[in-house]
Structures are given as C-alpha cells and as structure tokens.
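Structure record follows, encoded as structure tokens.
The values are calculated or read from the model by the stated rules, or taken from the named source; none is laboratory data. Since this is a predicted model, take the numbers as computed values, not measurements. Cβ placement follows ideal geometry from the backbone for every residue including glycine, while neighbour counts extend to all protein chains displayed.
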Amino acid sequence: MENVTALNHPLIEHKLSILRNKHTGTKLFREVVSEIGAYLIYEAMRDVELEQTTVETPLETITMGTLNEDNYAFAPIMRAGMGMLDGVLKVIPNAKIAHVGMYRDETTFEPVNYFFKAPEDIGNREVIILDPMLATGGSACDAIDLFKKKGVEKIRFICLIAAPEGLKKVTTEHPDVPIVCAHIDDHLNENCYIVPGLGDAGDRIFGTK
C-alpha cells in the first residue's frame, strides 16, 4: 500500500518478540513500547524539511540542516498511545502534545470519542498521531478527522502493529497521511483484535488486566 512503511529490521523483530510474549511484565512491556516508539519516529521523520543554519565546529564554520521542533505536535490516542510518548519525546523533546481520548465500544467495535485537547495553534503544526495498535482503523481515521477539522494539513500516523484491514481503511479515507509501523500482522479476529498481535496494548502498558 502506498504511504505505508513497515520497519524490517532484526532489532525491531527482537523487540516485538518481547512485546508479543504474554509472560512479559508491565515494566518491561512499557519500556519496550517506548523504545520502539523512538525507532518509529526516526523513520517517520525521514523526509522532513530542515532549516539551514550556521554551525561553528572546533575547526571551521559550516552550514547544516536543523529541525524546528516547535513546528510539531505529538498526539497520543489515549490510553495506549501514551505508552509511546516518552520514546518520541526523547527524539523531538520540544514538540507540543495534543491528547485524543477514545475507547472501543465492545458491541459495535466502533471508536467512541470522549476527550480532545490540542494547542490553540495546532493548525500551524505538523501532527504525529501515536497509537500502538492499528486494528480496524476507526480510531485512526476519527483522530485524523479531528485534526483536519482544526486546520492541520500535515499528519503522520505511527503504530507498533498494524492489521491489513486497518491499513486499507486509513489509506483509503486519508491517502495523504503517511503510516509508519513496526510490523504488519495477519488479520483481525471476530472480536477485531489483531492476530497474532500482542493483546490489549493499553491494559499491558498500564497493568490493568
């Protein structure tokens, strides 16, 4: 699918094996989610435009590209997206933070929006949406819609695990939004969970089950 990048790297597979293991405890699970988040943001920002600035090295003065971090905002989809936030902030620490609160209706499997808070000037920023799991794509599309209604023109979406069904929905409804994931899994089961997946990311990050 166009605009979809799945990282194919031995270290990523190693980290994912830790997350997929049902015996991995909350502390380690949380740490690895954050760590992979940092890897993902590196890849997601591969094509960003840098501003040219003058840098004095110990030997000479040169011109180099620098990232204006104030132009960016991270938007974790709560709860689970919060688990990726520390990792991406280590890479772009001055980015602003928006919050999108959603939960899944267990009968319809559709996302229910309950909270949205973003900087007043969010329309002037590029937004990177964070969510560990891209399953049906409903939450991702709703979050993208929220930011587009606020005037955001550049949006990226990063996740750990994606299902083909979710990727198809997001790329169809929002073909202008690049998606970077650590891995594309096989399918969704009858309860709309990603298979093989890693379970409920929010519950495992926060130890609520």
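Structure values in brief
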| item | result |
| --- | --- |
| Qualifying residue in region 196-205 (condition: charged (D, E, K, R) and in contact with a strand residue (DSSP E or B) (Cβ under 8 Å, 6 or more places away or on another chain)) | no |
| Cross-chain or 6+ apart pairs with Cβ under 8 Å, region 76-98 first and within 15 Å of G207 (Cα to Cα), then assigned to a helix (DSSP H, G or I) and hydroxyl-bearing (S, T, Y) | G83/S34 |
| Any hit, region 110-117, residues being over 18 Å from M78 (Cα atoms) and either touching a strand residue (DSSP E or B) at 6+ places or on another chain (Cβ under 9 Å) or surrounded by fewer than 20 Cβ atoms within 10 Å (Cβ to Cβ) (or both) | no |
| Residue that is surrounded by the most Cβ atoms within 10 Å (Cβ to Cβ) [pool: residues in region 127-142 that are out of contact with any helix residue (DSSP H, G or I) (no Cβ under 6 Å at 6 or more places or on another chain) and modelled with pLDDT of 95 or more] | D131 |
| Some residue of region 189-205 being more than 25 Å from Y42 (Cα to Cα) and basic (K, R) | no |
| Every residue from region 195-209 that is free of Cβ contacts under 8 Å to residues at least 40 places away in the same chain and either buried (at least 21 other Cβ atoms within 10 Å of the Cβ) or in a helix (DSSP H, G or I) (or both) | D203 |
| Restricting region 113-123 to residues that are in a strand (DSSP E or B) and either touching a helix residue (DSSP H, G or I) at 6+ places or on another chain (Cβ under 9 Å) or at pLDDT 95 or above (or both), the residue that is farthest from P196 (Cα to Cα) | F116 |
| Any hit, region 186-194, residues being surrounded by fewer than 17 Cβ atoms within 10 Å (Cβ to Cβ), over 26 Å from T26 (Cα atoms) and under 17 Å from the mean Cα position of the chain (by Cα) | no |
| Enumeration of residues in region 158-182 that are more than 18 Å from D200 (Cα to Cα) and either in contact with a helix residue (DSSP H, G or I) (Cβ under 9 Å, 6 or more places away or on another chain) or β-branched (V, I, T) (or both) | K169, V170, T171, T172, E173, H174, V177, P178, I179, V180 |
| Restricting region 25-51 to residues that are more than 12 Å from the chain's Cα centre (by Cα), part of a helix (DSSP H, G or I) and of a type in the set (V, I, T), the residue that is surrounded by the fewest Cβ atoms within 10 Å (Cβ to Cβ) | T26 |
| Pick from region 84-97, criterion closer than 30 Å to K209 by Cα, of a type outside the set (V, I, T) and in contact with a strand residue (DSSP E or B) (Cβ under 8 Å, 6 or more places away or on another chain), ranking: surrounded by the fewest Cβ atoms within 10 Å (Cβ to Cβ) | L89 |
| Region 52-68, subset surrounded by 10 or more Cβ atoms within 10 Å (Cβ to Cβ) and either of a type in the set (S, T, Y) or over 19 Å from V127 (Cβ atoms) (or both), residue nearest to the chain's Cα centre (by Cα) | T66 |
